[in-house]
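The values are calculated or read from the model by the stated rules, or taken from the named source; none is laboratory data. In this text, all values refer to a predicted model and were calculated from it rather than measured experimentally. Note that we place each Cβ from the backbone using ideal geometry, even for glycine, and neighbour counts take in every protein chain shown.
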Amino acid sequence: MTKTPIGRKLGQKVKKGKLKASSRRWLERHINDPYVQRAKLEGYRARAAFKLLEIDEKHQILKGARRIIDLGAAPGSWSQIAAKVTNSTEEDIRVAAIDFLEVVPIPGVKILQMDFLDPEAPAKLIEAVGGTPNLVISDMAAPTTGHQKTDHLRTMHLCEVAAYFAVEVLAEGGHFLAKTFQGGTERDLLNMLKQNFRQVLHIKPASSRSESVEMFLLAKGFKGRRVMQEEAAEEHEETL
Ligand SMILES: C[S@@+](CC[C@H](N)C(=O)[O-])C[C@H]1O[C@@H](n2cnc3c(N)ncnc32)[C@H](O)[C@@H]1O
(Lines give C-alpha, C1' and ligand atoms only; values in the text may rest on other atoms or scores of the structure.)
Protein backbone atom coordinates (compact mmCIF):
# COMPACT_ATOMS: atom_id res chain seq x y z
CA MET A 1 0.00 0.00 0.00
CA THR A 2 1.49 3.38 -1.07
CA LYS A 3 1.70 6.19 1.48
CA THR A 4 0.70 9.72 0.39
CA PRO A 5 2.59 12.89 1.39
CA ILE A 6 0.15 13.46 4.25
CA GLY A 7 0.68 9.97 5.56
CA ARG A 8 -2.61 8.52 4.41
CA LYS A 9 -2.42 5.14 2.71
CA LEU A 10 -3.73 4.72 -0.81
CA GLY A 11 -5.71 1.59 -1.69
CA GLN A 12 -7.85 1.76 1.46
CA LYS A 13 -11.14 -0.16 1.56
CA VAL A 14 -14.34 1.02 3.24
CA LYS A 15 -15.93 -1.65 5.45
CA LYS A 16 -19.17 -3.17 4.21
CA GLY A 17 -21.84 -1.84 6.50
CA LYS A 18 -24.78 0.47 6.20
CA LEU A 19 -23.51 2.17 3.03
CA LYS A 20 -24.99 1.25 -0.34
CA ALA A 21 -22.45 -0.44 -2.64
CA SER A 22 -22.39 2.59 -4.99
CA SER A 23 -21.78 5.01 -2.08
CA ARG A 24 -19.04 2.73 -0.71
CA ARG A 25 -17.34 2.66 -4.12
CA TRP A 26 -17.54 6.49 -4.34
CA LEU A 27 -16.07 6.88 -0.84
CA GLU A 28 -13.26 4.43 -1.58
CA ARG A 29 -12.40 6.23 -4.80
CA HIS A 30 -12.50 9.60 -2.99
CA ILE A 31 -10.23 8.65 -0.08
CA ASN A 32 -7.79 6.90 -2.39
CA ASP A 33 -7.66 9.75 -4.91
CA PRO A 34 -4.17 11.33 -4.85
CA TYR A 35 -5.58 14.67 -6.04
CA VAL A 36 -8.02 14.78 -3.10
CA GLN A 37 -5.10 14.21 -0.75
CA ARG A 38 -2.92 16.78 -2.52
CA ALA A 39 -5.72 19.35 -2.35
CA LYS A 40 -5.89 18.86 1.43
CA LEU A 41 -2.16 19.18 1.75
CA GLU A 42 -1.95 22.36 -0.34
CA GLY A 43 -5.00 24.01 1.23
CA TYR A 44 -7.35 23.83 -1.75
CA ARG A 45 -11.05 23.29 -1.19
CA ALA A 46 -11.40 20.84 -4.06
CA ARG A 47 -9.35 18.54 -6.28
CA ALA A 48 -10.69 20.66 -9.18
CA ALA A 49 -7.86 23.10 -8.38
CA PHE A 50 -5.43 20.82 -10.20
CA LYS A 51 -7.47 20.87 -13.40
CA LEU A 52 -7.06 24.65 -13.59
CA LEU A 53 -3.39 24.54 -12.55
CA GLU A 54 -2.63 21.80 -15.08
CA ILE A 55 -4.37 23.65 -17.91
CA ASP A 56 -2.48 26.79 -16.92
CA GLU A 57 0.85 24.99 -16.84
CA LYS A 58 0.45 24.12 -20.48
CA HIS A 59 -1.51 27.12 -21.80
CA GLN A 60 -0.56 30.02 -19.50
CA ILE A 61 -3.93 31.61 -18.92
CA LEU A 62 -3.40 32.81 -15.35
CA LYS A 63 -0.20 34.73 -15.97
CA GLY A 64 -1.12 38.39 -16.43
CA ALA A 65 -4.74 37.90 -15.34
CA ARG A 66 -5.79 41.16 -13.68
CA ARG A 67 -9.49 40.50 -13.08
CA ILE A 68 -11.19 37.11 -13.13
CA ILE A 69 -14.83 35.97 -13.15
CA ASP A 70 -15.38 32.43 -11.82
CA LEU A 71 -18.68 30.79 -12.81
CA GLY A 72 -19.93 27.85 -10.74
CA ALA A 73 -17.41 28.46 -7.99
CA ALA A 74 -18.41 26.25 -5.03
CA PRO A 75 -16.64 25.07 -2.96
CA GLY A 76 -14.07 27.58 -4.21
CA SER A 77 -10.71 26.13 -5.27
CA TRP A 78 -10.62 27.98 -8.62
CA SER A 79 -11.50 31.22 -6.81
CA GLN A 80 -8.69 30.58 -4.31
CA ILE A 81 -6.25 30.38 -7.24
CA ALA A 82 -7.84 33.40 -8.94
CA ALA A 83 -7.48 35.55 -5.81
CA LYS A 84 -3.84 34.57 -5.51
CA VAL A 85 -2.81 35.25 -9.12
CA THR A 86 -4.58 38.63 -9.26
CA ASN A 87 -3.36 39.69 -5.77
CA SER A 88 -7.00 40.41 -5.02
CA THR A 89 -7.72 41.80 -1.55
CA GLU A 90 -10.80 42.91 0.34
CA GLU A 91 -9.70 46.53 -0.28
CA ASP A 92 -9.13 45.97 -4.00
CA ILE A 93 -11.40 43.17 -5.26
CA ARG A 94 -10.30 41.61 -8.56
CA VAL A 95 -12.26 38.34 -8.52
CA ALA A 96 -16.02 37.83 -8.73
CA ALA A 97 -17.54 34.37 -8.32
CA ILE A 98 -21.04 32.97 -8.63
CA ASP A 99 -22.75 29.77 -7.51
CA PHE A 100 -26.24 28.98 -6.33
CA LEU A 101 -24.61 27.01 -3.54
CA GLU A 102 -23.12 28.79 -0.56
CA VAL A 103 -19.36 29.37 -0.78
CA VAL A 104 -17.44 29.91 2.45
CA PRO A 105 -15.90 33.41 2.11
CA ILE A 106 -12.51 33.68 0.37
CA PRO A 107 -10.51 36.85 1.05
CA GLY A 108 -10.39 39.02 -2.09
CA VAL A 109 -13.33 37.28 -3.80
CA LYS A 110 -16.76 38.85 -4.16
CA ILE A 111 -19.11 35.88 -4.06
CA LEU A 112 -22.64 36.04 -5.44
CA GLN A 113 -24.98 33.30 -4.30
CA MET A 114 -27.33 33.14 -7.26
CA ASP A 115 -28.13 31.27 -10.46
CA PHE A 116 -25.88 32.32 -13.34
CA LEU A 117 -28.89 31.89 -15.64
CA ASP A 118 -30.76 34.59 -13.71
CA PRO A 119 -31.03 37.55 -16.14
CA GLU A 120 -29.60 39.84 -13.44
CA ALA A 121 -26.45 37.75 -12.93
CA PRO A 122 -24.24 39.18 -15.75
CA ALA A 123 -24.64 42.80 -14.62
CA LYS A 124 -24.08 41.83 -10.97
CA LEU A 125 -20.89 39.97 -11.86
CA ILE A 126 -19.51 42.89 -13.86
CA GLU A 127 -20.26 45.25 -11.00
CA ALA A 128 -18.72 42.86 -8.47
CA VAL A 129 -15.42 42.37 -10.34
CA GLY A 130 -14.89 46.14 -10.43
CA GLY A 131 -13.43 46.47 -13.95
CA THR A 132 -13.00 44.65 -17.26
CA PRO A 133 -11.98 41.02 -16.66
CA ASN A 134 -9.34 39.39 -18.81
CA LEU A 135 -10.20 35.85 -17.76
CA VAL A 136 -13.60 34.12 -17.48
CA ILE A 137 -13.49 30.59 -16.08
CA SER A 138 -16.46 28.27 -15.78
CA ASP A 139 -16.50 24.88 -14.08
CA MET A 140 -20.31 24.89 -14.00
CA ALA A 141 -21.95 21.50 -14.15
CA ALA A 142 -25.72 21.16 -13.96
CA PRO A 143 -27.01 19.27 -10.91
CA THR A 144 -27.43 15.63 -11.90
CA THR A 145 -30.93 14.32 -12.47
CA GLY A 146 -29.88 10.70 -13.08
CA HIS A 147 -30.85 11.03 -16.72
CA GLN A 148 -27.48 11.32 -18.47
CA LYS A 149 -28.68 12.99 -21.65
CA THR A 150 -30.61 15.66 -19.73
CA ASP A 151 -27.61 16.38 -17.48
CA HIS A 152 -25.35 16.58 -20.51
CA LEU A 153 -27.63 19.02 -22.36
CA ARG A 154 -28.02 21.23 -19.30
CA THR A 155 -24.26 21.49 -18.76
CA MET A 156 -23.74 22.22 -22.47
CA HIS A 157 -26.31 25.01 -22.17
CA LEU A 158 -24.38 26.50 -19.22
CA CYS A 159 -21.18 26.35 -21.31
CA GLU A 160 -22.87 28.16 -24.16
CA VAL A 161 -24.34 30.93 -21.98
CA ALA A 162 -20.93 31.33 -20.30
CA ALA A 163 -19.25 31.69 -23.72
CA TYR A 164 -21.65 34.43 -24.86
CA PHE A 165 -21.14 36.15 -21.50
CA ALA A 166 -17.34 35.98 -21.99
CA VAL A 167 -17.43 37.70 -25.39
CA GLU A 168 -19.61 40.43 -23.87
CA VAL A 169 -17.31 41.17 -20.95
CA LEU A 170 -13.72 40.19 -21.74
CA ALA A 171 -10.94 42.65 -22.38
CA GLU A 172 -9.11 42.31 -25.69
CA GLY A 173 -6.50 39.52 -25.43
CA GLY A 174 -8.47 37.82 -22.63
CA HIS A 175 -9.20 34.11 -22.31
CA PHE A 176 -12.24 31.90 -21.67
CA LEU A 177 -12.13 28.44 -20.11
CA ALA A 178 -15.22 26.27 -19.58
CA LYS A 179 -16.24 22.75 -18.72
CA THR A 180 -17.80 20.84 -21.58
CA PHE A 181 -18.25 17.20 -22.57
CA GLN A 182 -16.45 14.94 -25.04
CA GLY A 183 -17.98 15.56 -28.43
CA GLY A 184 -20.52 17.85 -26.81
CA THR A 185 -19.56 21.31 -28.00
CA GLU A 186 -22.07 22.49 -30.59
CA ARG A 187 -20.66 23.49 -33.97
CA ASP A 188 -22.31 26.93 -33.80
CA LEU A 189 -20.69 27.62 -30.44
CA LEU A 190 -17.28 26.51 -31.72
CA ASN A 191 -17.66 28.73 -34.79
CA MET A 192 -18.63 31.70 -32.66
CA LEU A 193 -15.57 31.15 -30.44
CA LYS A 194 -13.26 30.68 -33.44
CA GLN A 195 -14.50 33.98 -34.86
CA ASN A 196 -13.83 35.82 -31.64
CA PHE A 197 -10.65 34.21 -30.29
CA ARG A 198 -7.26 33.56 -31.86
CA GLN A 199 -7.14 29.93 -30.68
CA VAL A 200 -9.83 27.45 -29.58
CA LEU A 201 -9.02 24.01 -28.20
CA HIS A 202 -10.39 21.09 -26.19
CA ILE A 203 -8.38 19.81 -23.24
CA LYS A 204 -8.60 16.73 -21.00
CA PRO A 205 -6.32 17.34 -17.99
CA ALA A 206 -4.82 14.29 -16.29
CA SER A 207 -6.56 15.29 -13.05
CA SER A 208 -9.94 15.00 -14.77
CA ARG A 209 -11.04 11.42 -14.06
CA SER A 210 -10.51 9.23 -17.11
CA GLU A 211 -13.92 7.58 -16.73
CA SER A 212 -15.59 11.02 -16.85
CA VAL A 213 -16.65 12.47 -20.21
CA GLU A 214 -15.71 15.91 -18.89
CA MET A 215 -13.46 18.05 -21.09
CA PHE A 216 -12.48 21.71 -21.05
CA LEU A 217 -12.95 24.21 -23.81
CA LEU A 218 -10.27 26.90 -23.94
CA ALA A 219 -10.60 30.01 -26.09
CA LYS A 220 -7.44 32.13 -26.03
CA GLY A 221 -6.77 35.68 -27.14
CA PHE A 222 -10.11 37.50 -27.43
CA LYS A 223 -10.01 39.63 -30.56
CA GLY A 224 -12.11 42.39 -28.99
CA ARG A 225 -15.60 43.68 -29.58
CA ARG A 226 -14.53 46.08 -32.38
CA VAL A 227 -13.41 43.06 -34.47
CA MET A 228 -16.70 41.32 -33.71
CA GLN A 229 -18.69 44.33 -34.89
CA GLU A 230 -16.62 44.71 -38.07
CA GLU A 231 -16.95 41.00 -38.94
CA ALA A 232 -20.70 41.10 -38.32
CA ALA A 233 -21.00 44.17 -40.60
CA GLU A 234 -18.93 42.43 -43.34
CA GLU A 235 -21.11 39.30 -43.12
CA HIS A 236 -24.20 41.48 -43.35
CA GLU A 237 -22.84 43.22 -46.47
CA GLU A 238 -22.00 39.86 -48.08
CA THR A 239 -25.54 38.62 -47.62
CA LEU A 240 -27.07 41.74 -49.18
C1 LIG B 1 -17.64 21.19 -10.31
S2 LIG B 1 -18.36 22.35 -9.28
C3 LIG B 1 -17.20 23.68 -9.31
C4 LIG B 1 -15.93 23.44 -8.53
C5 LIG B 1 -15.09 24.70 -8.45
N6 LIG B 1 -14.49 25.03 -9.73
C7 LIG B 1 -13.98 24.58 -7.44
O8 LIG B 1 -12.83 24.64 -7.84
O9 LIG B 1 -14.26 24.48 -6.25
C10 LIG B 1 -19.65 22.98 -10.28
C11 LIG B 1 -20.48 24.06 -9.63
O12 LIG B 1 -21.33 24.66 -10.61
C13 LIG B 1 -22.44 25.18 -9.93
N14 LIG B 1 -23.52 25.53 -10.86
C15 LIG B 1 -24.16 24.71 -11.71
N16 LIG B 1 -25.11 25.38 -12.37
C17 LIG B 1 -25.04 26.67 -11.94
C18 LIG B 1 -25.81 27.85 -12.25
N19 LIG B 1 -26.80 27.84 -13.14
N20 LIG B 1 -25.50 28.98 -11.60
C21 LIG B 1 -24.50 29.00 -10.68
N22 LIG B 1 -23.77 27.93 -10.35
C23 LIG B 1 -24.04 26.76 -10.97
C24 LIG B 1 -22.80 24.04 -8.98
O25 LIG B 1 -23.61 24.49 -7.92
C26 LIG B 1 -21.41 23.55 -8.54
O27 LIG B 1 -21.07 24.10 -7.31
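So here's what we get for this one:
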item	result
Qualifying residues in the range 120-138 (those that are farther than 20 Å from Gly76 by Cβ and in contact (Cβ under 8 Å) with a residue 60 or more places away in the chain) - the one nearest to the ligand (Cβ to nearest atom)	Asn134
Subset of the range 193-236 (residues that are hydroxyl-bearing (Ser, Thr, Tyr) and either modelled with pLDDT of 85 or more or in a strand (DSSP E or B) (or both))	Ser207, Ser208
Answer residue from the range 54-74, given it is more than 14 Å from the ligand (Cβ to nearest atom) and among the small types (Gly, Ala, Ser) and is modelled with the highest pLDDT among those	Ala65
Scope the range 170-200; condition away from the ligand (no atom under 16 Å from the Cβ), under 22 Å from Ala65 (Cβ atoms) and among the polar types (S, T, N, Q); matching residues	Asn196, Gln199
Matching option when the condition is assigned by TED's automatic domain parsing to the domain that holds Ile68 and within 20 Å of Ala142 (Cβ to Cβ), among Phe197, Phe176	Phe176
Any hit, the range 58-78, residues being part of a helix (DSSP H, G or I) and exposed (fewer than 15 other Cβ atoms within 10 Å of the Cβ)	yes
Matching entry among Ala163, Ala121, Ala142 (being farther than 17 Å from Ala65 by Cα and modelled with pLDDT under 95)	Ala142
The one condition in (1) in contact (Cβ under 8 Å) with a residue 24 or more places away in the chain; (2) more than 8 Å from the ligand (Cβ to nearest atom) that Leu117 fails to fulfil	(2)
Selection within the range 125-171 - in a helix (DSSP H, G or I) and in contact with a Phe, Trp or Tyr (Cβ under 9 Å, 6 or more places away or on another chain)	Leu125, His152, Thr155, Met156, Leu158, Cys159, Val161, Ala162, Ala163, Phe165, Ala166, Val167
Residue in the range 142-151 that is surrounded by 19 or more Cβ atoms within 10 Å (Cβ to Cβ), hydrophobic (A, V, I, L, M, F, W, C) and either more than 17 Å from Leu218 (Cβ to Cβ) or within 14 Å of the ligand (Cβ to nearest atom) (or both) present	no
